[in-house]
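The values are calculated or read from the model by the stated rules, or taken from the named source; none is laboratory data. On a predicted model such as this, the values are computed, not experimentally measured, just so you know. A quick note on method: Cβ atoms are made from the backbone with ideal geometry, for glycine too, and the neighbour counts reach across all protein chains shown. To get the accessible areas, we keep the full protein, side chains included, count just its heavy atoms, and leave off ligands, DNA and RNA. Shrake-Rupley method; radii C 1.70, N 1.55, O 1.52, S 1.80 Å.
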Amino acid sequence: MTKELFQTAKSALIEATKDVKHPFRYFTMATIGINNSPRLRTVVLRNVKDDLTISLFTDRRSKKVTHLKENNNVCLLFFNHNDMLQLKIDGKAFLEQDEKVLSKAWKKMKEASKNDYRTTQEPGSKVKDPEMIEYLDTSNHFAIVHIIPSKIEYLELKKDKHVRALFSKEESQWEGSYIVP
């Protein structure tokens, strides 16, 4: 039966890349910051491959990129309040290096969204007025982060009994077992 839970989790992640209103579309990503402090932020799910590699977009000058270069261990938290389903995913993150892949994703992006990666100042910089943020005309700081999961914790909150399972990737296979909620 854990195979059914794994398929439910995988299907939900893939569906969230197609349905902008899916609760998994926005999720929390944790990195380890400078001084070993945990850092959390909400990010947007952009792609999930069949092997469950998860992708998101970012500005390459962001703190998350700095953190990932120092320590590429991440934890992702997805929650679907409609189904009361939580997925916690541990994995390793890396930045896309292939310029063709970056260019293709950039070209597919809506024009209005491109401004998120065109600011002259890096994310987190102080400004006196948000209306004074300046944008680059031709260049950008667009990056793609890929996360290769190693563990997926599935938790379904039910009135009678919660259901919890842990899936670990052993070589190229996912192995699952129930765990106490």
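Among the residues in segment 126-135, are any without any contact (Cβ under 8 Å) to a residue 60 or more places away in the chain and under 22 Å from residue 55 (Cβ atoms)?
no
Could you please tell me which pairs satisfy a Cβ distance under 8 Å, a separation of 6+ or placement on different chains, a first residue in segment 161-174 that is of a type outside the set (Gly, Ala, Ser), and a second residue that is open to solvent by less than 60 Å² (accessible area, probe 1.4 Å) and modelled with pLDDT under 95?
167/2
Please go through segment 126-181 and give me each residue that is of a type in the set (D, E, K, R) and over 26 Å from residue 56 (Cα atoms), ordered by number.
128, 129, 131, 158, 159, 160, 161, 164
Taking segment 76-90, which residues are free of Cβ contacts under 8 Å to residues at least 60 places away in the same chain and touching a Leu at 6+ places or on another chain (Cβ under 9 Å)?
77, 79
Name the single residue that is nearest to residue 10 (Cα to Cα) among those in segment 119-145 being in contact with a Leu (Cβ under 8 Å, 6 or more places away or on another chain) and part of a strand (DSSP E or B).
So, considering only residues that are in contact with a Leu (Cβ under 8 Å, 6 or more places away or on another chain) and part of a strand (DSSP E or B), the one nearest to residue 10 (Cα to Cα) is 145.
Go through (1) over 22 Å from residue 122 (Cβ atoms); (2) modelled with pLDDT of 95 or more and name the single condition residue 58 misses.
Going through (1) over 22 Å from residue 122 (Cβ atoms); (2) modelled with pLDDT of 95 or more one by one, residue 58 breaks only (1).
Which of the residues belonging to segment 28-43 are surrounded by fewer than 16 Cβ atoms within 10 Å (Cβ to Cβ) and either out of contact with any helix residue (DSSP H, G or I) (no Cβ under 9 Å at 6 or more places or on another chain) or aliphatic (A, V, I, L, M) (or both)?
28, 34, 35, 36, 37, 38, 40, 42
Consider residue 63 against the criteria (1) open to solvent by 100 Å² or more (accessible area, probe 1.4 Å); (2) under 30 Å from residue 158 (Cα atoms): it satisfies all of them except one. Which criterion is unmet?
It is condition (2) that residue 63 fails.
Kindly indicate the residue of segment 149-160 that is touching a residue at least 24 places away in the same chain (Cβ under 8 Å) and either among the basic types (Lys, Arg) or surrounded by 17 or more Cβ atoms within 10 Å (Cβ to Cβ) (or both) and also farthest from residue 11 (Cα to Cα) among those meeting that condition.
Going through the qualifying residues, I end up with 158.
Go over the candidates 175, 171 one by one and state the one that is more than 20 Å from residue 25 (Cβ to Cβ), in contact with a Lys or Arg (Cβ under 9 Å, 6 or more places away or on another chain) and either surrounded by 17 or more Cβ atoms within 10 Å (Cβ to Cβ) or of a type outside the set (S, T, N, Q) (or both).
Selected residue: 175, the only one of 175, 171 that is more than 20 Å from residue 25 (Cβ to Cβ), in contact with a Lys or Arg (Cβ under 9 Å, 6 or more places away or on another chain) and either surrounded by 17 or more Cβ atoms within 10 Å (Cβ to Cβ) or of a type outside the set (S, T, N, Q) (or both).
Checking residue 25 against (1) within 23 Å of residue 156 (Cβ to Cβ); (2) open to solvent by 60 Å² or more (accessible area, probe 1.4 Å), only one condition comes out false. Which one?
(2)
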